[in-house]
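Only one structure is covered here, and it is reproduced in the block below.
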Amino acid sequence: MASKPKKILIRDLDKAFGDNQVLRGVNLDVAKGQSLVVIGGSGTGKSVLIKCLLGLLKADKGVIEIDGVNIARQTGGDRRLMAQQSGMLFQGAALFDSLNVWENVAFRLIYAERKSRKHAREKAIDCLAQVGLAPEVGDLAPAELSGGMQKRVGLARAIASDPEILFFDEPTTGLDPIMADIINNLLVERVKALGATTISITHDMASARKIADEIAMLYQGQIIWRGKPGEVENSGNPMVDQFVHGRAEGPIQMQVRRDFTSRR
Amino acid sequence: MNVVAATGRLTLDAIGEIGRIANFAARGGTAWFVGPFYWRAFGGALARIGYASLPVVGLTAIFTGAALALNIYEGALFNVEAFLPQILGVSIVRELGPVLAALMVAGRCSSAMAAEIGTMRVTEQIDALSTLSVDPFKYLIAPRIIATTLALPLLVLTADIIGVYGGYLVSVYALGFEPTHYITNLVDFLSVDDVTSGLLKAAVFGFLISVMGCYYGYKSRGGAGGVGSATRTAVVAAAVAVLASNYLMTSLLVEV
């Protein structure tokens, strides 16, 4: 059987901040239409990885190909062209609090695609409906929304221009389990409807199992395991095993524990 | 500790920071040379920085003009009715109007810019702008820099008129001057150069104030503490930049 074409391909990606080497030769690829979830503890480089993919950080070394085009060294206008085909849901939703909800959702349409405000508003209301929000919500300020509603608005904004690639940064962090499951369902449903390729980062295993076609684990700046959600429980990798089962004891030593020990 | 090494390091850090601010200012100031132009963002900035600063600038100017009139009156030895409006007019238009208005706008607006942009930075809103294909320099920085650079001369012109009027009120109603003498002496003595040099200074102050507010907000890190620190630094840097550039410009404009 022929494998699906690669939408995203990452090779030997390095990123350091001073002496702190965060990414150490990351290799990943995501097929068109596939949903890859990158799991890993705090400080393992998940956010840095996604920011390198989005062009918010410049990788020190390595290749990031989107549809066969290396974007790792692109800047300015070329990079913005790539951004036009992607959408991002931020951990804290990152809604613009000087604008109301519908303007947030329609932001790219108004300010990047220069669509009329009337057209943009109609599209925004449609996107809000897709994430289960009533049209009246469009006139509220982001500060008036609950955490779950803000995530929905963030998702509506991410999908407003029908992107081919979606990035989700900790999509369920800070939500109660029921709302987290509702958001997970929404992500799966919207991604399927768009046919988008997605990369999510999370440390919420329930979320990872629900939205992933495949799961990869990042540890100390490297991908140490990759497999299907059904395989994660019995990965055979002690670090994945410790993380998935949330055990304090094991090969992964958290930074806070080392610092505490060294100060005693 | 090696004092020479520490001094050298501090000097290099300061030069590096000035270079980074200059680079930021050039990028922010020229971001609108090529479209798209975000007129709505510009209009909002102009209203917040220009129109909303009118009351505080007006109050500062009227009280300064009034107090200055009393000081000149007390210090004058002869022909005070002729000299007072002249000295007051030149002081307000060339020096006090631009500097005091700039310091008020620095306190009011550079802090607001640093806090707003800093909060956007730490809550990933600036990252979100980039992911939505909008250049933060075009949407956030350029409108504020251009709006402040244009608004401050207009504010200073208003402050000049109100400041001179404050002197007029004290001179006429407290000191018993003849109103027409006050106005005639003022208008005859003041030159167009006096007014335009003040307005030129104001434009430079506006540019510097907005650059400081935007720069320190844009580079803020680390949550509420980082934003607070950025706000504080922005106000201090803006005030120092106004006062230092005022001396430099005055030394260039005044023929000694």
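The values are calculated or read from the model by the stated rules, or taken from the named source; none is laboratory data. The structure presented is a predicted model; accordingly, all values stated were derived computationally and were not measured. Neighbour counts run over all protein chains shown; Cβ positions are idealised from the backbone, glycine included. These area figures cover heavy atoms from the full protein model, side chains too; ligands, DNA and RNA do not enter into them. Shrake-Rupley method; radii C 1.70, N 1.55, O 1.52, S 1.80 Å.
At-a-glance table
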item	result
Selection status of A:Ala160, of a type in the set (A, V, I, L, M, F, W, C), more than 20 Å from A:Gln85 (Cβ to Cβ) and either surrounded by 23 or more Cβ atoms within 10 Å (Cβ to Cβ) or not assigned by TED's automatic domain parsing to the domain that holds A:Lys6 (or both)	no
Meets criteria (in contact with a helix residue (DSSP H, G or I) (Cβ under 7 Å, 6 or more places away or on another chain), under 30 Å from B:Asn79 (Cβ atoms) and at pLDDT below 95) for B:Leu186	yes
A:Ser35 vs. criteria among the hydroxyl-bearing types (Ser, Thr, Tyr) and within 14 Å of chain B (Cβ to nearest Cβ)	no
Criterion: within 30 Å of A:Tyr111 (Cβ to Cβ), modelled with pLDDT of 95 or more and either of a type outside the set (Asp, Glu) or open to solvent by less than 50 Å² (accessible area, probe 1.4 Å) (or both) - qualifying residue of B:Arg20, B:Arg27	B:Arg20
Close pairs from segment B:36-59: first in a helix (DSSP H, G or I), partner among the hydrophobic types (A, V, I, L, M, F, W, C) and open to solvent by 10 Å² or more (accessible area, probe 1.4 Å), Cβ under 6 Å, at least 6 apart	B:Val56/B:Met104; B:Val57/B:Met104; B:Gly58/B:Ile162
Test: residue in segment B:105-128 that is open to solvent by 10 Å² or more (accessible area, probe 1.4 Å), more than 13 Å from chain A (Cβ to nearest Cβ) and without any contact (Cβ under 8 Å) to a residue 24 or more places away in the chain	no
Set A:Asn234, A:Asn184: member being surrounded by 19 or more Cβ atoms within 10 Å (Cβ to Cβ), free of Cβ contacts under 8 Å to residues at least 40 places away in the same chain and of a type outside the set (Phe, Trp, Tyr)	A:Asn184
Residue in segment B:141-151 that is in a helix (DSSP H, G or I), open to solvent by 10 Å² or more (accessible area, probe 1.4 Å), under 30 Å from A:Lys151 (Cα atoms) and at pLDDT 95 or above present	yes
Breaking point among (1) crowded, with 18+ Cβ neighbours inside 10 Å; (2) over 22 Å from A:Arg226 (Cα atoms), for A:Asn20	(1)
Any hit, segment A:51-70, residues being outside any loop (DSSP other than H, G, I, E, B), in contact with a Cys (Cβ under 8 Å, 6 or more places away or on another chain) and closer than 20 Å to A:Gly87 by Cβ	yes
Qualifying residue in segment B:152-161 (condition: of a type outside the set (Lys, Arg), in contact with a helix residue (DSSP H, G or I) (Cβ under 8 Å, 6 or more places away or on another chain), within 14 Å of another protein chain (Cβ to nearest Cβ) and more than 18 Å from A:Ser98 (Cβ to Cβ))	no
Residue selected from segment A:100-138 under the condition part of a loop (DSSP other than H, G, I, E, B) and either open to solvent by 20 Å² or more (accessible area, probe 1.4 Å) or among the β-branched types (Val, Ile, Thr) (or both), by the criterion farthest from the other protein chains (Cβ to nearest Cβ)	A:Ala134
Any hit, segment A:77-93, residues being part of a helix (DSSP H, G or I), within 14 Å of chain B (Cβ to nearest Cβ), within 30 Å of A:Asp176 (Cβ to Cβ) and in contact (Cβ under 8 Å) with a residue 24 or more places away in the chain	no
Single residue of segment A:139-164 satisfying the filter (outside any helix (DSSP H, G or I) and in contact with a Lys or Arg (Cβ under 7 Å, 6 or more places away or on another chain)) that is nearest to A:Asp126 (Cα to Cα)	A:Ala160
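Matching residues to (1) in the same structural domain as A:Ser47 (by TED's automatic domain parsing); (2) modelled with pLDDT of 85 or more:
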position	(1), (2)
A:Leu194	yes, yes
A:Leu218	yes, yes
A:Gln222	yes, yes
A:Pro238	no, yes
A:Gly250	no, no
